[in-house]
Amino acid sequence: KTDPLVVFTPSGKRGHFPVGTPVLTAARQLGVDLDSVCGGRGICSKCQITPEFGEFAKHGVKAEESGLSEWNAVEERYRSKRGLKPGRRLGCQATLQGDMVIDVPVESQVHKQVVRKRAEARDIVMDPATRLYYVEVEEPDMEKPTGDLERLQQALFDQWGLAHVIGDLRTMQMLQPALRDGEWKVTCAIYEGEGLGAARIIQVWPGFHEGSIYGLAFDVGSTTIACHCVDLQSGEVLASSGLMNPQIRFGEDLMSRVSYSMMNEGGAEAMTKAVREAANALIGQVAAEARISREEIVEAVFVGNPVMHHLLLGIDPKELGWAPFALATSNSIQLWAKEIEIEMHPDARIYILPCIAGHVGADAAAVALSEGPNVSDDLVLIVDVGTNAEIMLGDRDGVLACSSPTGPAFEGAQISGGQRAAPGAIEKVEIDPVTREPRFRVIGCELWSDDPGFERAVGPQGVTGICGSGIIEVIAEMRLAGVVDEDGSIGSAAATGTERAVPDGRTHAYLLHDGSESGGPRILITQADVRAIQLAKAALYAGARLLMDKRGVESVDRVVLAGAFGAHISPKHAMILGMIPDCPLEKVTSAGNAAGTGARIALLNSAARREIESVVRRIEKIETAVEPRFQEHFVNAIAVPHKVDPFPRLNS
Ligand code: FES
């Protein structure tokens, strides 16, 4: 009689095993992805499986002979103390008695996919650099004098096959009490990522550690710093928070911060201190929200543009302020959190993604990791819009990258009624092409300005200003309604046929909203505002166009707008303005905070770190400042939508 057949789903892996083989053992031998932290001792419950009685016929398994063992004492004890979902068994305790189809639920897979919301995005596969291992360590013995650390290392090798695991003084300090409190059983958090030359014990807990371990994904932007706190075992995001970058007080945009460091003795140090303090404050916030302590956070990944990257690391960014824009390093960086005064677990590791070029940072690398232009079948243009646009163009055949100095206009700065995206800010605008009367929506309110009840619904702050996406929309709508011409000039009331075109010095402005009667602001779109947006969008377009030249193409297959601003921008209005090259509108998508997602991928999957390092090495970097055609493209792109390039899809 042949040994029982076991088929694992969803992998479809199958094999014959002697009666009495634990399911976990069979899974291991077949290379089935089934988790275990306790090494099969019936403690961790990570190995849960589901016998699939309905699946026999499909897999050619004979139902009448199927079976798993009865519940043994260990499994019973686990079920009565902790409970198991109906239908679930512990894979390390249940043994094969006959043919079986066994399903490994997602929670029990080590390399589980953490599903992302967008259909076109790649899923994140769990493969964290730091993991938990439960071990039973031999007790010390007068006959065999060995140290506790050496016996722990031996146990890790014997029970988990982990060779060369190192521990330092801190490990030794916690190990002795932990071993004795846990009656020679401990759980270790072990960092197996690269950079240390060996796996490294980060933390030791007595007995089985009931909690999890956590990591942080940081996106350090010039304007905001965002942080996600993630469970390193489940991949779940437990808390997310953001703060204004306190470096704003040293300069609104990147270059003004670089000049602050050049002009002020100790300027770079002050900005480094500010960003680290903000990061530490954010860690406090997300830890509180996730109900964990800082000490349970054992890893963090940081991404940011080159200036933020240098300042976080305590490197003076002044070399980034002048040609040839030399980075301190373009490689990825691994260090101890304490080296840069980041307050989490005392031995937490930090990974920083590689930078692409002097103006294209680790944030762009993270966007590349999240959006995968290098594995795209069609030619994709990815634009991360901030005070400095980072632009990538590519597909499987190669990726090009550049940055373009758009300035802060897209974020509402240097715009007369401009403000950051916050409740009360106008974010959507429509202008009637016949009457030229506007209607708009503000952040935090579902109603349009001409809906009944708008005043009440908008909240006590009223209409406060206009944010970046609102400015794009209003100027595009002004262009459509003929209030603004191709050169970007706002016409007079007589020329445009609307009283909303009011004189403003020697030029005209468009009155979008007049809240002065109720003590609110008059929101005017001035000629200077239109000019500021023209310059910003021309810089963005010229960068994209330059990459298209280099690639030798006249059009792209799709456009991805990344960044928080990209998430709110309307593709139609962006194209009316000529911010992005002509492309079918349905092919323009938003990737949301792709840099933050890329940081999360690198946090949860250590192989992705190697992947992006190699992708970045292969990206062709284009320096816009030394490309004569950039200037030419820039000048042509000042017109709305463009002086020479066609936008055939806009006309249809
Ligand atoms: Fe830990 Fe089964 S492996 S309970």
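The values are calculated or read from the model by the stated rules, or taken from the named source; none is laboratory data. None of the values given here were measured: they were computed from a predicted structure. Virtual Cβ from ideal backbone geometry, glycine too; neighbours counted across all protein chains shown. SASA here: full protein model, heavy atoms, side chains in, ligands and nucleic acids out. Shrake-Rupley method; radii C 1.70, N 1.55, O 1.52, S 1.80 Å.
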Residue check, T435 in contact with a strand residue (DSSP E or B) (Cβ under 7 Å, 6 or more places away or on another chain) and either closer than 30 Å to A625 by Cα or surrounded by fewer than 20 Cβ atoms within 10 Å (Cβ to Cβ) (or both): no
Within region 4-27, residues being buried (at least 19 other Cβ atoms within 10 Å of the Cβ), within 37 Å of the chain's Cα centre (by Cα) and within 16 Å of the ligand (Cβ to nearest atom) number 5
Of the numbered conditions (1) in contact with a Leu (Cβ under 9 Å, 6 or more places away or on another chain); (2) of a type in the set (K, R); (3) over 30 Å from A366 (Cβ atoms); (4) within 16 Å of the ligand (Cβ to nearest atom), R131 fails exactly one; give the number of that condition. (3)
Would you be able to say whether some residue in region 279-286 is within 25 Å of the chain's Cα centre (by Cα), over 13 Å from C227 (Cα atoms) and in a helix (DSSP H, G or I)? no
D231, sole failed condition from (1) touching a residue at least 24 places away in the same chain (Cβ under 8 Å); (2) under 25 Å from the mean Cα position of the chain (by Cα): (1)
Scanning region 82-99 residue by residue, those away from the ligand (no atom under 12 Å from the Cβ) and either under 19 Å from S36 (Cβ atoms) or open to solvent by 20 Å² or more (accessible area, probe 1.4 Å) (or both) turn out to be G83, K85, P86, G87, T95, L96, Q97
Of the residues in region 325-338, those that are out of contact with any helix residue (DSSP H, G or I) (no Cβ under 9 Å at 6 or more places or on another chain) and open to solvent by 60 Å² or more (accessible area, probe 1.4 Å) come to K338
Within region 72-79, does at least one residue satisfy the condition of being modelled with pLDDT of 90 or more and in a loop (DSSP other than H, G, I, E, B)? yes
Cβ pairs under 8 Å, 6+ apart or interchain, first in region 519-538 and outside the structural domain of V383 (by TED's automatic domain parsing) and touching a residue at least 40 places away in the same chain (Cβ under 8 Å), second surrounded by fewer than 22 Cβ atoms within 10 Å (Cβ to Cβ) and of a type in the set (F, W, Y), ordered by first then second residue, are none
Filtered residues of region 352-379 (kept if buried (at least 24 other Cβ atoms within 10 Å of the Cβ) and in a strand (DSSP E or B)): I352, V360
Restrict the check to region 587-601 and report whether at least one residue is part of a helix (DSSP H, G or I) and surrounded by fewer than 22 Cβ atoms within 10 Å (Cβ to Cβ). yes
Applying the selection to region 397-423, what residues are surrounded by fewer than 24 Cβ atoms within 10 Å (Cβ to Cβ) and at pLDDT 95 or above? D397, G398, L400
Candidate set: region 80-95, residues that are of a type outside the set (G, A, S) and in a helix (DSSP H, G or I); chosen: the one nearest to the chain's Cα centre (by Cα): R82
For region 562-575, which residues satisfy the criterion of being aliphatic (A, V, I, L, M) and over 17 Å from V360 (Cβ atoms)? A564, A567, I569, A574, M575
Of all residues being surrounded by fewer than 19 Cβ atoms within 10 Å (Cβ to Cβ) and under 11 Å from L381 (Cα atoms) in region 528-557, which is modelled with the lowest pLDDT? Just the residue, please. S555
For region 498-514, give me each residue that is surrounded by 15 or more Cβ atoms within 10 Å (Cβ to Cβ) and of a type outside the set (D, E). T498, R500, A501, V502, H508, A509, Y510, L511, L512, H513
Find the residue count for region 143-162, including only residues that are under 36 Å from the mean Cα position of the chain (by Cα) and either surrounded by 12 or more Cβ atoms within 10 Å (Cβ to Cβ) or not in a loop (DSSP other than H, G, I, E, B) (or both). 6
For M392, indicate whether it is under 17 Å from R617 (Cβ atoms) and not assigned by TED's automatic domain parsing to the domain that holds G468. yes
Regarding region 313-334, can at least one residue be identified that is touching a Gly at 6+ places or on another chain (Cβ under 7 Å), part of a strand (DSSP E or B) and closer than 22 Å to L132 by Cα? yes
